[in-house]
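First the structure, which I've put down as structure tokens, then a few questions once you've had a look.
The values are calculated or read from the model by the stated rules, or taken from the named source; none is laboratory data. All figures in this text were calculated on a predicted structure; none of them were measured in a lab. Heads up, the Cβs are rebuilt from the backbone with ideal geometry, glycines too, and the neighbour counts pull from every protein chain shown.
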Amino acid sequence: MTTRESKSWTRRDILAAGGALAAATLWPGRATAAPGPPAAGPFVPQVPAPKPPRPVTAVVLGAGNRGNVYASYSTQFPGELKIVGVAEPIPHRRARFSEMYAIPASRQWVTWEHALQVPKFADALIITTPDHLHYGPAIGGLDGGYDLLLEKVIAQTWGQCRDILDRAVKGGRIVAICHVLRYAPYFRKLKEVADSGRIGRIVSIQHMEPVEHIHMSHSFVRGNWRNARESNPMILSKSCHDLDILRWTIGQPCRRVSSMGSLALFKPENAPAGAPPRCTDGCPVEATCPFSALKIYMKVRAWLPALRLESEDDATVLEALREGPYGRCVYHCDNDVVDHQVVNLEFEGGTTAAFSMEGLTTYAGRRTRVMGTKGDMVGDESTLTVTEFGTGNKMVWDAATAPEVKSGHGGGDFGLVRDFVQAVSRRDPTLLTSTIQASMESHLMGFRAEESRLAGTVLDVRMP
């Protein structure tokens with residue numbers, strides 16, 4: 001950790017990070033190109049790992065943003081990972097992906113079911129299908145003898161998560177869950193300080209994830225994660241990363257949870273007078289509405305890859321807004337996930353954590369305060385400040401100094417893939433920090449938190 005002159009604490013409006021959907025402005029995910037390898041610069045591992053004797057081969061199920069991000073590791077490290085197949089229902093996405101990775105027609109499929117009808121021909125599956133399509137390909141892949149890189153959330157129910165775990169253990173397969181924050185230099189540094197004893201025993205943590213209001217409207221009001229039945233509750237689909245980081249940092253089992261939250265803004269009774277179902281239908285307040293689809297997707301051209309367009313010219317985008325989900329008025333969608341939620345957690349030994357997911361902010365970038373018996377930590381995903389009680393010494397670590405920051409999620413995306421490749425190649429799951437075994441409890445915390453929110457009561461959290 002580097003020491004710098006003490007400075008006043010400031011919150012950065014937006015965390016600038018690499019990857020196709022990261023942002024450096026108030027418009028997360030601003031991009032007009034089709035999903036592909038991130039252009040943030042080279043990923044430089046902190047600790048060099050042995051080169052595999054041959055590249056690990058993988059089939060990508062779901063060639064959307066996350067599938068492209070993980071697959072793009074192979075373009076920088078062709079000696080470590082080779083993409084040899086793809087299943088993707090959108091034709092132009094499948095065609096672009098196949099061209100990028102030189103996948104022959106015989107290894108291109110429309111659905112994951114088609115891909116798994118073929119006898120095993122690769123080492124691993126990269127499962128980046130929508131949330132409700134995690135369970136089927138995960139079970140099918142494990143039955144077929146594949147190791148898995150499985151996007152979070154593991155599955156839609158605790159029972160399904162248990163099924164996948166049991167199948168992986170029975171078959172001796174390696175399953176990595178994409179809790180990418182564990183691989184980001186910032187959160188690794190936070191964990192390192194917590195484990196070092198520098199601030200003593202952790203007494204409590206305050207942690208907030210500000211989603212940013214445009215991101216909220218795009219992904220969780222108009223987008224794929226708007227409806228808990230079709231994806232997962234917000235506490236899992238967006239914030240299972242945060243619950244996982246809390247559990248990982250504290251290093252003790254969670255014992256009790258309580259939660260409150262609701263959908264406060266994005267519902268019909270809050271619609272401006274005369275607002276039609278779509279922003280393209282002559283809305284009287286469209287010009288001044290912060291959530292105007294015409295502004296976000298036409299003028300600013302943010303989040304365009306999510307619209308799944310073959311072309312991103314104005315005419316094609318406008319047609320998509322007139323016909324597709326992203327042109328809908330944010331007050332007239334079929335969304336039901338919360339836009340704000342608090343979760344209180346008690347861990348073994350008495351450590352407590354208070355987590356807040358906030359969808360209505362102008363900024364993004366997680367904020368964390370860790371209180372210990374000898375000092376505290378304050379961080380914002382960019383800077384981590386550690387202060388000792390006894391001496392008053394203040395040390396500041398800047399994530400920009402970490403070489404791995406050159407990929408999405410502060411370097412976590414490529415950090416995860418690197419460790420997954422090593423684990424598969426060397427048949428050693430201990431090289432991963434986010435195996436399915438390590439990720440189950442934070443998922444249970446999320447499921448129980450949502451139960452608590454709906455029931456209005458404190459619930460126990462006990463791993464079976």
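Is it fair to say Val337 is in contact (Cβ under 8 Å) with a residue 24 or more places away in the chain, touching a strand residue (DSSP E or B) at 6+ places or on another chain (Cβ under 7 Å) and not charged (D, E, K, R)? Working first, answer last.
Details: in contact (Cβ under 8 Å) with a residue 24 or more places away in the chain: yes; touching a strand residue (DSSP E or B) at 6+ places or on another chain (Cβ under 7 Å): no; not charged (D, E, K, R): yes.
The answer is no for Val337.
Then there's this: Condition first: in contact with a Leu (Cβ under 9 Å, 6 or more places away or on another chain), among the charged types (D, E, K, R) and assigned to a loop (DSSP other than H, G, I, E, B). Can you find one or more residues in the range 293-311 that meet it?
So far as the range 293-311 goes, no, none of its residues is in contact with a Leu (Cβ under 9 Å, 6 or more places away or on another chain), among the charged types (D, E, K, R) and assigned to a loop (DSSP other than H, G, I, E, B).
Something else about it: Please find, within the range 91-127, the residue that is surrounded by the fewest Cβ atoms within 10 Å (Cβ to Cβ) out of those that are part of a loop (DSSP other than H, G, I, E, B) and of a type in the set (Gly, Ala, Ser).
To start, the set of residues in the range 91-127 that are part of a loop (DSSP other than H, G, I, E, B) comprises 101-104, 110-111, 117-123.
Then keep just the ones that are of a type in the set (Gly, Ala, Ser); that gives 102, 122.
Working: Ala102: 9, Ala122: 20.
Here the residue is Ala102.
Among Ala402, Ala423, Ala354, which is the only one that is touching a helix residue (DSSP H, G or I) at 6+ places or on another chain (Cβ under 7 Å) and over 20 Å from Lys152 (Cβ atoms)? Talk me through it step by step, then tell me what you get.
On the way: Ala423 fails: over 20 Å from Lys152 (Cβ atoms); Ala354 fails: touching a helix residue (DSSP H, G or I) at 6+ places or on another chain (Cβ under 7 Å).
Going through Ala402, Ala423, Ala354 in turn, just one is touching a helix residue (DSSP H, G or I) at 6+ places or on another chain (Cβ under 7 Å) and over 20 Å from Lys152 (Cβ atoms): Ala402.
Here are some conditions: (1) closer than 29 Å to Glu312 by Cα; (2) under 21 Å from the mean Cα position of the chain (by Cα); (3) outside any helix (DSSP H, G or I); (4) at pLDDT 95 or above. Ala23 meets all but one. Which one does it not meet?
(4)
Something else about it: Among (1) more than 19 Å from the chain's Cα centre (by Cα); (2) at pLDDT 95 or above, which single condition is Asp380 missing?
The single condition Asp380 does not satisfy is (1).
Hey, could you check the range 303-323 for residues that are touching a helix residue (DSSP H, G or I) at 6+ places or on another chain (Cβ under 8 Å) and of a type in the set (A, V, I, L, M) and say which is nearest to Asn65 (Cα to Cα)? Don't jump to the end; show me each part of the working.
Going residue by residue through the range 303-323, those that are touching a helix residue (DSSP H, G or I) at 6+ places or on another chain (Cβ under 8 Å) are 303-310, 312, 314, 317-318, 320-321.
Restricting the remaining residues to those that are of a type in the set (A, V, I, L, M) gives 304, 306-307, 309, 317-318, 320-321.
Working: Leu304: 11, Ala306: 8, Leu307: 11, Leu309: 13, Val317: 18, Leu318: 22, Ala320: 18, Leu321: 20 Å.
That would be Ala306.
Additional query: Only one of Pro130, Pro137 is surrounded by fewer than 20 Cβ atoms within 10 Å (Cβ to Cβ), in contact (Cβ under 8 Å) with a residue 40 or more places away in the chain and either closer than 19 Å to Ser231 by Cβ or not hydrophobic (A, V, I, L, M, F, W, C) (or both); which? Explain how you work it out, then say what you get.
Numbers: Pro137 fails: surrounded by fewer than 20 Cβ atoms within 10 Å (Cβ to Cβ).
Only one candidate passes the filter, namely Pro130.
Is it the case that the range 173-196 has a residue that's surrounded by fewer than 24 Cβ atoms within 10 Å (Cβ to Cβ), in contact (Cβ under 8 Å) with a residue 12 or more places away in the chain and hydroxyl-bearing (Ser, Thr, Tyr)?
No, that holds for no residue.
Contact list please: Cβ distance under 6 Å, first residue in the range 447-460 and closer than 11 Å to Leu345 by Cα and surrounded by 11 or more Cβ atoms within 10 Å (Cβ to Cβ), second residue among the basic types (Lys, Arg) and at pLDDT 95 or above, pairs at least six apart or on different chains.
Note: pairs meeting the criteria are Val458/Arg256; Leu459/Arg448.
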